[in-house]
């Protein structure tokens, strides 16, 4: 395979990286010599226990290690990490307040509102005040705390206060409607709910108080509400069903910060699956697993250090928001922004990096591609001398965007494309500070990750498309799914296809002698802008619109980084898919799910293709839309082959048009 090198780190840059210091420490303390990233990675997967033990020791994790083994369990799915060890995520993150109390810990940026910032000391004090109030409200170990908040400094404080008392955190962004919120939060039964008074986005201030009563009605477990009051005079409705507390009043009360000492596997937060086959599954990650993964991925993979400044272009619904908070574990300043990515200019996020002297930027590939397609040339007007790394994720980074970044942002920096997921709250494949960057390639597997591409039998393959899998456990894998007492849902999600291998759900190619190429999702998940949503989540809302009999939605990555999302609507008898029905469908999706999932087009269809067991056949249709062979679709599995043929004809026609253009 032809490969084009875009960048290579200098010897001086390599010598100053954390990963090089780690290699030197490894040789000195354990006698393990690794001169290259490949040799270090090979050691890390051949000696998994020694590697993760070394991460704990090298980064000086605060906690009680105990005398237990690094892990126990006979399979990936049954692995239990560091039994007997105790620690707290918030305590490990906030320790930076002891060494640099007056340095900015987090910056909050908005479209027009003034810049905000908290020093490490101020952040610690606010977490102390909020955690004390939460304890007074009866919140403790194992309780759940949920939030409908954008990416604000307040959201970080709420997460850390929740973690400090041993409660379990979960958040979605303010663009979710009541149904989307309830589908996620109702199942985990929060005791406390955070919401915000208003949110400025795309030039408009969106009131968030009007739907608060409906949210609380959908979440009957909530005993207390906390209003993040960002605007003068904001107040909740008088007849609110539960007591409401103002965030500004809470943080005005000084308190001592206390951390609960928690088992390594104690739940930290709940993220969510896409909900392809029903309501989203609650994915539970642990304090210990996330602490170790945060230190490893930010310190060794991305090279984050105390004093660095990282801008993550993310919403709170996306797992990458959690990764932004994780970067602070290394003493890095987080730069948040809760506005539109194109407010005022198509390269808004890059302008933020220049203004804030960011050393690292992390964003979805779509954000970079949007700036590139706009013709922006930010290096002509902005100073990117501080910027050392751009990490793209969420979808494959198009080759043209990769080239644009080096031509029009900065020619001497690491531009990496990383692939991981909500499931492990980190990366599987992606960036490292030692290797060159080749166009279209993810550099290598993360340390400690035994990533492979396999064929249908589970055998490793190179040079051809296969399923991306992990052949060994990592600490940030979920400790469980919510409400899955026997682990059946958890095992079905990752191990049904290959019983002893973790199936990630991505098509990938291992380049012989090189990195990896990601081709997109291998399942039916809608993955728009890096935020996953199940087709069932969208279709259940569409199907409730009067005039809609049933529907099917498809999300298909395209070769140049585009994402095509058609919605097929089967009208009720006597109804046409006219402009009025299309408008009603769009409004339902916009208000009840999220504006992010408004489709590219709405197409009248004769029916929904289903297998004889009742499963919707969106996956084979999507593969044909992406250029796959229609002859590979097994027509005998369809209940109605004529309906299936209609979709195949559509898919072939779309693929032909794309290839011609």
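The values are calculated or read from the model by the stated rules, or taken from the named source; none is laboratory data. Owing to the predicted nature of the structure, the values given are computational and were not obtained by experimental measurement. When we count neighbours, we look across all protein chains shown, and the Cβ atoms used for this are built from the backbone with ideal geometry, even at glycine.
Points to keep in mind about this one:
- Test result for residue 53, surrounded by fewer than 21 Cβ atoms within 10 Å (Cβ to Cβ), within 24 Å of residue 428 (Cβ to Cβ), out of contact with any helix residue (DSSP H, G or I) (no Cβ under 6 Å at 6 or more places or on another chain) and modelled with pLDDT under 95: no
- Take the conditions (1) in a loop (DSSP other than H, G, I, E, B); (2) under 27 Å from residue 442 (Cα atoms); residue 69 misses just one of them, which is (2).
- Condition check for residue 427: under 14 Å from the mean Cα position of the chain (by Cα) and either closer than 21 Å to residue 39 by Cα or not in a loop (DSSP other than H, G, I, E, B) (or both): yes
- Of all residues in region 304-320, those satisfying the criterion of being crowded, with 24+ Cβ neighbours inside 10 Å and at pLDDT 95 or above are 304, 310, 311, 312.
- Matching residues in region 430-443 - criterion: being part of a strand (DSSP E or B) and surrounded by fewer than 22 Cβ atoms within 10 Å (Cβ to Cβ): 438
- Count - residues of region 168-187 that are under 22 Å from residue 323 (Cβ atoms) and either without any contact (Cβ under 8 Å) to a residue 60 or more places away in the chain or in a strand (DSSP E or B) (or both): 7
- Hits in region 1-40 - residues which are more than 21 Å from residue 441 (Cα to Cα), free of Cβ contacts under 8 Å to residues at least 40 places away in the same chain and assigned to a helix (DSSP H, G or I): 11, 12, 15, 21, 23, 24, 25, 26, 27, 28, 29, 30
- Summed over region 301-335, residues that are part of a helix (DSSP H, G or I) and out of contact with any helix residue (DSSP H, G or I) (no Cβ under 7 Å at 6 or more places or on another chain) total 7.
- Flag for residue 379 being surrounded by fewer than 24 Cβ atoms within 10 Å (Cβ to Cβ), at pLDDT 95 or above and not in a loop (DSSP other than H, G, I, E, B): yes
Let's see how each residue does on (1) loosely packed, with under 14 Cβ neighbours inside 10 Å; (2) out of contact with any strand residue (DSSP E or B) (no Cβ under 7 Å at 6 or more places or on another chain); (3) within 22 Å of residue 509 (Cα to Cα):
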{"site": "5", "(1), (2), (3)": "yes, no, yes"}
{"site": "11", "(1), (2), (3)": "yes, yes, no"}
{"site": "18", "(1), (2), (3)": "no, yes, no"}
{"site": "21", "(1), (2), (3)": "no, yes, no"}
{"site": "24", "(1), (2), (3)": "yes, yes, no"}
{"site": "30", "(1), (2), (3)": "no, yes, no"}
{"site": "33", "(1), (2), (3)": "yes, yes, no"}
{"site": "39", "(1), (2), (3)": "yes, yes, yes"}
{"site": "45", "(1), (2), (3)": "no, yes, yes"}
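- Selection status of residue 549, in a strand (DSSP E or B), in contact (Cβ under 8 Å) with a residue 24 or more places away in the chain and surrounded by fewer than 21 Cβ atoms within 10 Å (Cβ to Cβ): yes
- When the criteria are applied in full, residue 53 meets the requirement of being farther than 21 Å from residue 306 by Cα, over 23 Å from the mean Cα position of the chain (by Cα) and assigned to a helix (DSSP H, G or I).
- Listed conditions (1) in a loop (DSSP other than H, G, I, E, B); (2) at pLDDT below 95; (3) within 26 Å of the chain's Cα centre (by Cα) are all met by residue 190, apart from (2).
- Residue within region 494-517 that is in a helix (DSSP H, G or I) and in the same structural domain as residue 37 (by TED's automatic domain parsing) present: yes
- Taking the listed residues 366, 386, 351, 400, the one that is assigned to a helix (DSSP H, G or I), surrounded by fewer than 20 Cβ atoms within 10 Å (Cβ to Cβ) and touching a residue at least 40 places away in the same chain (Cβ under 8 Å) is 400, with no other qualifying.
- Number of residues in region 109-156 that are part of a helix (DSSP H, G or I) and within 18 Å of residue 208 (Cβ to Cβ) equals 3.
- Here is the figure for region 450-475: residues that are farther than 15 Å from residue 75 by Cα, touching a residue at least 60 places away in the same chain (Cβ under 8 Å) and in a loop (DSSP other than H, G, I, E, B) total 1.
- The residues in region 242-300 that are surrounded by fewer than 20 Cβ atoms within 10 Å (Cβ to Cβ), part of a loop (DSSP other than H, G, I, E, B) and in contact with a strand residue (DSSP E or B) (Cβ under 7 Å, 6 or more places away or on another chain) can be counted, and the count is 3.
- Being without any contact (Cβ under 8 Å) to a residue 40 or more places away in the chain and either within 30 Å of residue 596 (Cα to Cα) or under 23 Å from the mean Cα position of the chain (by Cα) (or both) is a description that applies to residue 114.
- Scope region 197-220; condition touching a residue at least 40 places away in the same chain (Cβ under 8 Å) and either more than 26 Å from the chain's Cα centre (by Cα) or in a loop (DSSP other than H, G, I, E, B) (or both); matching residues: 202, 203, 208, 219
- Members of region 393-416 that are modelled with pLDDT under 95 and either under 17 Å from residue 446 (Cα atoms) or in contact with a helix residue (DSSP H, G or I) (Cβ under 7 Å, 6 or more places away or on another chain) (or both): 393, 394, 395, 396, 397, 398, 400, 401
- Test: residue in region 128-151 that is more than 23 Å from residue 166 (Cβ to Cβ) and surrounded by 17 or more Cβ atoms within 10 Å (Cβ to Cβ): yes
- Set 444, 405: member being within 23 Å of the chain's Cα centre (by Cα), without any contact (Cβ under 8 Å) to a residue 60 or more places away in the chain and closer than 16 Å to residue 7 by Cα: 405
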